[in-house]
Protein chains: 2
Amino acid sequence: MPVEKITSLQNPRVKQLVKLRDRRPRDEAGVFLVEGYRQIRRALEKNIALTELYFSPDWFLGENELALIAQAEAAGAQTFELAKDAFAKVAYRERPDGLLAVAPQWRRTLNDVPSGPAPFLLVVEAIEKPGNLGTILRSADAAGCDAVIVCDPVTDVFNPNVVRASTGVLFSVPVIIADSEAVHAWLRARGIRAVATTPAATALYSDTDLRGPLAIVMGSEQYGLSEFWLQQADATVRIPMAGQADSLNVAMATIITLFEAVRQRAGR
Amino acid sequence: MPVEKITSLQNPRVKQLVKLRDRRPRDEAGVFLVEGYRQIRRALEKNIALTELYFSPDWFLGENELALIAQAEAAGAQTFELAKDAFAKVAYRERPDGLLAVAPQWRRTLNDVPSGPAPFLLVVEAIEKPGNLGTILRSADAAGCDAVIVCDPVTDVFNPNVVRASTGVLFSVPVIIADSEAVHAWLRARGIRAVATTPAATALYSDTDLRGPLAIVMGSEQYGLSEFWLQQADATVRIPMAGQADSLNVAMATIITLFEAVRQRAGR
C-alpha cells in the first residue's frame with residue numbers, strides 16, 4: 001500500500017491531474033484519465049497498464065475499493081492517497097467515488113485492425129460531442145464491430161467524457177485514429193465497401209446489402225459527412241424519418257444502421 | 001410589449017420559476033418550464049398555449065428573439081422582462097439564451113391515442129433518467145409511433161431535462177401517462193399485441209413479426225421490465241449483444257427495436 005499522502009491543492013501531481021482534462025497537456029504527456037470504480041476495474045480487466053492510481057477513502061461509496069487498489073498496484077500502478085479536498089479538485093465527475101487513474105494513451109494504426117474474411121467496421125468523421133462518441137463506441141461494441149476508425153477527430157477519444165460515456169468500451173473495442181483519405185485508400189485496397197449514411201441518399205439503409213466486408217461511415221453532428229466521403233463512398237443510404245428533421249442524432253443513426261447490418265449479416 | 005421589468009432575485013415570480021424545476025410544485029401548479037429559443041419556437045408551432053414568457057435581452061444569442069416574444073404575446077402569453085442576474089437565477093440550462101416560458105401541463109388518457117387499423121405504440125415503464133426519456137421520445141417521433149405510453153413514471157415527462165432532451169418532440173408526439181395494468185387491459189381490448197424487450201428472451205427481435213397492431217414495451221434502466229409485463233406480454237424478444245453486457249442502454253435498445261418494426265411495417 002502507498003506511503004505518500006497528498007493534502008496540498010498546490011501539489012504538482014494535483015495540478016497535473018487537473019491539466020490532463022485538456023487535450024494538449026494530455027497529448028503532450030501521452031496519457032489520459034480514468035475515473036471511478038467501474039471504469040478502473042474495466043481498464044484492469046482489459047490489461048490497460050495504469051501508471052498511477054489516486055484514491056481518497058473519504059469519497060469511497062462501496063467496500064471493494066481497497067481490493068481494486070491492491071489489484072492496480074500488483075499490475076504496476078503507483079498509488080497515492082489524496083485528502084478529501086485534494087481529491088475534489090482532481091475529480092471531474094459530478095459524484096466522485098474517490099478513485100482516479102492515469103493510463104498511457106495508445107496509438108493504433110490501420111495495421112492494427114483485426115483481419116478476417118469479412119471485416120465489419122465503423123468509420124466516424126469529426127464527431128464533436130464526447131457523449132455521442134462514447135455512445136457510438138458502445139454501439140459498435142454491442143454490434144460486434146471489429147474496429148472503430150475515428151477520422152479527423154474534433155473530440156479526441158481520450159477526452160474524459162468519452163472515456164466515461166463509453167462505459168469501458170474504449171478499453172476493449174480497437175479504436176484507430178486516421179485521416180479520411182488514408183482510411184479510404186486502405187478500405188479500397190482491401191476490398192471493403194464503404195457505405196455512407198446521409199439524409200440526402202435515395203436508397204434506404206435496409207434495402208442495401210450490408211453483408212460481406214463492410215465499413216459504415218457516419219458524419220459529424222453539425223455538418224454531416226464531408227464531400228470527400230459523400231463522393232468516395234461505394235454507396236450512400238438513408239434512414240427513413242417520420243418526424244421532425246432533427247429527431248435522429250448521429251449516435252442514434254449509427255446504432256440503427258449498425259444493427260441492420262447485424263441482422264443482415266446473421267443471414268436471416 | 002411588456003411593461004414590467006423584474007430586477008429583484010426575491011421577486012415572487014422569480015422564486016416560483018425556480019420552484020418549478022421540482023416535480024411537486026410543478027404538478028401542484030399544473031404547469032412546466034420550456035427554456036430556450038428553439039424549444040419555445042417549437043412549442044408555439046405546435047400551438048402549446050404558453051401562459052408566461054420571461055426574457056432577458058442581456059442573454060440573447062441571436063436576432064429573432066423579439067419576433068418570438070411578439071408571437072408568444074399574440075398567442076396569449078403574458079411577457080416579463082428580467083434583469084440579467086434575475087434571469088441567471090431562473091435559467092436551468094448551462095448556456096441560457098434569455099428565454100424561458102411556462103406552459104400548462106396536459107393530461108392525456110388512453111382515449112387520446114389516435115385510432116387506426118394498425119396502431120404502432122411505444123410503452124415505457126418507470127424510466128429513471130430524463131435524458132433517456134427525452135431520447136426515447138425522439139426515437140418514437142423518428143419512427144412514426146402513434147403515441148408513447150409512459151407507465152408508472154419515475155421521471156415525469158414535464159421534467160425540464162426531459163423537455164430539453166426531447167428537442168420539442170414532447171409537443172408533437174402524443175404522450176400518455178397511465179398505470180401498467182390499465183394499459184395492458186386497454187391493449188388487449190383493442191387487439192394490440194404487446195411485444196416486450198428483455199435480455200432474457202429466447203426469440204430475436206428481428207425474427208419476430210412486428211407488423212399489425214403493435215405496442216413495443218421497454219423496461220427501466222436499472223430493473224428492466226417488471227414481472228407484470230414479462231408475464232402479460234404477448235411475446236418477449238431480445239436484441240443480440242456482441243459486447244459487454246451493459247453496452248446497450250434502454251434508449252439504444254428502444255431505437256433498435258422501433259426501427260426494426262419500421263422496416264417490417266414498410267413491407268420490404
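Every number in this text was worked out from the coordinates using simple rules, so none of it is lab data. These numbers were taken from a predicted model, which means no experiment stands behind them. Glycine gets a Cβ as well: all are built from the backbone with ideal geometry, and neighbour counts include every protein chain shown.
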Check: Taking amide H positions as placed 1.01 Å from N in the peptide plane, with prolines and chain starts having none, which residues 5 or more places from A:Ile176, or on another chain, fall under 5 Å of its amide H?
Finding: A:Val148, A:Ile149, A:Val150
Note to self: Under the rule a/c < 1.5 gives rounded, and otherwise a/b versus b/c splits prolate from oblate, where does segment B:110-265 land using the Cα gyration tensor?
What the structure shows: rounded
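Once you average over the residues of A:233-245, how many Cβ atoms of partner chains fall within 10 Å of each Cβ?
4
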Next item on the list: Place a +1 charge on the Cβ of each Lys and Arg in the protein assembly as shown and a -1 charge on the Cβ of each Asp and Glu, then give the dipole magnitude about the Cα centre in debye, rounded to the nearest 20.
Entry: 220 debye
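Rounded if a/c is under 1.5, else prolate if a/b beats b/c, else oblate: with a ≥ b ≥ c from the C-alpha gyration tensor eigenvalues square-rooted, which is segment B:5-104?
Since a/c reaches 1.5 but b/c is at least a/b, the shape of segment B:5-104 is classed as oblate.
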Next item on the list: Work out, step by step, the length gained on full extension between A:Ala67 and A:Ala29: first 0.36 nm times the residue separation, then minus their alpha carbon distance; give nm to one decimal.
Entry: 10.9 nm
Checklist line | Student exercise, segment B:5-104 dipole from Lys, Arg, Asp, Glu Cβ charges, in Debye to nearest 20 | finding: 360 debye
Check: Long-range amide H contacts for A:Val154: which residues qualify at under 5 Å (H placed 1.01 Å from N, peptide plane, sequence gap of 5 or more or a different chain)?
Finding: A:Ala126, A:Ile127
Notebook entry, point to check: Got a sec to turn the phi values of segment A:159-176 into Karplus ³J(HN,Hα) couplings, 6.51 cos²θ - 1.76 cosθ + 1.60 with θ = phi - 60°, whole Hz, x for Gly and Pro?
Noted result: 4, x, 6, 6, 4, 5, 5, 7, 6, x, 4, 3, 7, 10, 6, x, 10, 10
Next item on the list: Step through the residues of segment A:95-108 one at a time and calculate ³J(HN,Hα) from phi using the Karplus curve (6.51 cos²θ - 1.76 cosθ + 1.60, θ = phi - 60°), rounding each to whole Hz and writing x for Gly and Pro.
Entry: 10, x, 10, x, 9, 8, 10, 10, 10, x, 5, 10, 10, 7
Next item on the list: Using packing as a proxy for protection, rank B:220-227, A:175-182 so that the peptide with the highest average count of other Cβ atoms within 10 Å comes first.
Entry: A:175-182, B:220-227
Checklist line | Under the span-like rule (Cα at least 18 Å along the axis, Kyte-Doolittle mean at least 0.0), DSSP H helices of chain A | finding: A:130-143, A:250-265
Check: Relative to the other copies, what are the label-point distances for A:Asp27, with labels 7 Å from Cα along the C-beta vector, expressed in nm at one decimal and sorted shortest first?
Finding: 5.0
Note to self: Give the average, rounded to an integer, of partner chain Cβ atoms located within 10 angstrom of each Cβ in B:200-211.
What the structure shows: 1
Check: What are the label-to-label distances in nm, one decimal and shortest first, from B:Ala70 to the same spot in the other copies, with labels 7 Å along Cα to Cβ?
Finding: 7.3
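Normalised by the number of residues in chain A, what is the relative contact order in percent for Cα pairs under 8 Å and 6+ residues apart? Each step should come with its number before you reach the end.
Working: 484 pairs, mean separation 49.9, N = 268.
Relative contact order for chain A comes out at 19 percent.
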Notebook entry, point to check: Of A:Pro160, A:Ala88, A:Phe171, whose Cα points farthest to the positive end of the dipole of the protein assembly as shown (charges on the beta-carbon: +1 Lys, Arg; -1 Asp, Glu; origin at the Cα centre)?
Noted result: A:Phe171
Check: Projected onto the charge dipole of the protein assembly as shown (+1 at Lys/Arg Cβ, -1 at Asp/Glu Cβ, origin at the Cα centre), which of B:Thr135, A:Asn47, B:Gly116 gives the Cα projection farthest towards the positive end?
Finding: B:Gly116
Margin query: Just to check, using Stokes-Einstein with a Kirkwood Rh over alpha carbon pairs, what's the diffusion coefficient of segment B:202-268 at 4 °C and 1.567 mPa s in µm²/s?
Written below: 101 µm²/s
Check: How far is B:Arg38 from itself in the other copies, in nm, if each label sits 7 Å out from Cα along the Cα-Cβ line, shortest first?
Finding: 2.7
Item checked: Three-way shape call for chain A based on the alpha-carbon gyration tensor, with the a/c threshold at 1.5 -> prolate
Check: Counting partner chain Cβ atoms within 10 Å of every residue's Cβ in A:250-263, what's the average?
Finding: 5
Checklist line | For A:Ala194, residues with placed amide H under 5 Å, excluding near neighbours | finding: A:Ala215, A:Asp234, A:Ala235
Note to self: Within a 10 angstrom radius of the beta carbon, how do A:Tyr54, A:Tyr205, B:Tyr92 rank from fewest other beta carbons to most?
What the structure shows: B:Tyr92, A:Tyr205, A:Tyr54
